[in-house]
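Asker: Sending over a structure as structure tokens; questions will come in a sec.
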Amino acid sequence: MNVKLLFISLMLTYHAFTALNPQERFRSCAAAFLDDQIIVTEYTNNGICEVSSQATGILTVQTADLSPEESMPTGKLKFRLAIQDGETGTIWSYSDKTYKEIPIRDVLGKCRVGDQIVLLTVVDEYALPHSRITVKE
């Protein structure tokens, strides 16, 4: 085999492995906010995300400074929305749009109590472990 061809093949293989390195995904944390209040009760595996069916305000996904005392949003991220039906489990796309913010009333207008609002990040740099928000009474 030609040395030049072997070198090019090795470089392409190396680039493919480093470009697809799963270690590079989800390097930064994000959370859902309603106005400037984090929605999850605590940013742990035990955290619960719920919103009243009568809630008002602006829904965002943001990077955050997280501490036991407070959670401060630090920058809005692009996201998409889906809704999971509480009765059938069916997940359907809220719209084809990508958002940085949306009035929660707009989303809740298409939800029933028991449904879940599903937030989808657009960039895989950001982890969003609490991506489902249950609609309660």
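The values are calculated or read from the model by the stated rules, or taken from the named source; none is laboratory data. Here the structure is a predicted model, which is why all the values come from computation and not from measurement. Cβ placement follows ideal geometry from the backbone for every residue including glycine, while neighbour counts extend to all protein chains displayed.
Asker: Taking region 35-52, which residues are in contact with a Ser or Thr (Cβ under 7 Å, 6 or more places away or on another chain), β-branched (Val, Ile, Thr) and under 14 Å from Leu66 (Cβ atoms)?
Answerer: Matches in region 35-52: Ile38 only.
Asker: To continue, here is another question. Among the residues of region 40-55, count how many are within 21 Å of Thr74 (Cα to Cα) and either buried (at least 19 other Cβ atoms within 10 Å of the Cβ) or touching a residue at least 12 places away in the same chain (Cβ under 8 Å) (or both).
Answerer: Within region 40-55, the first condition is being within 21 Å of Thr74 (Cα to Cα), and the residues that meet it are 40-44, 47, 49.
Filter again for either buried (at least 19 other Cβ atoms within 10 Å of the Cβ) or touching a residue at least 12 places away in the same chain (Cβ under 8 Å) (or both), leaving 40, 43, 47, 49.
Qualifying residue count for the region: 4.
Asker: Among the residues that make up region 108-121, is at least one of them over 12 Å from the mean Cα position of the chain (by Cα) and β-branched (Val, Ile, Thr)?
Answerer: First, the residues of region 108-121 that are over 12 Å from the mean Cα position of the chain (by Cα): 108-116.
Next, from what is left, pick out any that are β-branched (Val, Ile, Thr): 113.
Yes: region 108-121 contains one or more residues that are over 12 Å from the mean Cα position of the chain (by Cα) and β-branched (Val, Ile, Thr).
Asker: Please go through region 108-127 and pick out each residue that is among the aliphatic types (A, V, I, L, M) and either modelled with pLDDT of 95 or more or over 13 Å from Ala32 (Cα atoms) (or both).
Answerer: Answer for region 108-127, where residues must be among the aliphatic types (A, V, I, L, M) and either modelled with pLDDT of 95 or more or over 13 Å from Ala32 (Cα atoms) (or both): Leu108, Val113, Ile117, Val118, Leu119, Leu120, Val122, Val123.
Asker: If I ask for residues that are of a type outside the set (A, V, I, L, M, F, W, C) and within 16 Å of the chain's Cα centre (by Cα), which ones from region 43-59 would you list?
Answerer: From region 43-59, those of a type outside the set (A, V, I, L, M, F, W, C) are 43-47, 50, 52-54, 56-57; that's our starting set.
Those that are of a type outside the set (A, V, I, L, M, F, W, C) and within 16 Å of the chain's Cα centre (by Cα): Tyr43, Thr44, Asn45, Gly47, Glu50.
Asker: Residues of region 89-121 being in contact (Cβ under 8 Å) with a residue 60 or more places away in the chain and among the aliphatic types (A, V, I, L, M), which ones? Talk me through it step by step, then tell me what you get.
Answerer: Filtering region 89-121 for residues in contact (Cβ under 8 Å) with a residue 60 or more places away in the chain gives 104, 113, 117, 119, 121.
Within region 89-121, Ile104, Val113, Ile117, Leu119 qualify.
Asker: I want to confirm something. Restricting to region 90-107 and keeping residues that are under 14 Å from the mean Cα position of the chain (by Cα) and in a loop (DSSP other than H, G, I, E, B), which single residue is nearest to Ile39 (Cα to Cα)?
Answerer: Result: Glu101.
Asker: I've got another one for you. Among Thr44, Thr56, which is modelled with pLDDT of 95 or more and out of contact with any Gly (no Cβ under 9 Å at 6 or more places or on another chain)? Before you say what the answer is, go through the steps one by one.
Answerer: Values: Thr44 fails: modelled with pLDDT of 95 or more.
Of the residues listed, the single one that is modelled with pLDDT of 95 or more and out of contact with any Gly (no Cβ under 9 Å at 6 or more places or on another chain) is Thr56.
Asker: Take Thr60 and decide whether it is of a type in the set (Val, Ile, Thr), in contact (Cβ under 8 Å) with a residue 40 or more places away in the chain, out of contact with any Leu (no Cβ under 6 Å at 6 or more places or on another chain) and within 20 Å of Ala127 (Cα to Cα). Break it down into steps so the answer makes sense when it comes.
Answerer: Values: of a type in the set (Val, Ile, Thr): yes; in contact (Cβ under 8 Å) with a residue 40 or more places away in the chain: yes; out of contact with any Leu (no Cβ under 6 Å at 6 or more places or on another chain): yes; within 20 Å of Ala127 (Cα to Cα): yes.
Yes, satisfied.
Asker: Taking region 37-69 as the search range and keeping residues that are in contact with a strand residue (DSSP E or B) (Cβ under 9 Å, 6 or more places away or on another chain) and of a type in the set (Asp, Glu), which one is farthest from Val135 (Cα to Cα)?
Answerer: Filtering first and then ranking leaves Asp65.
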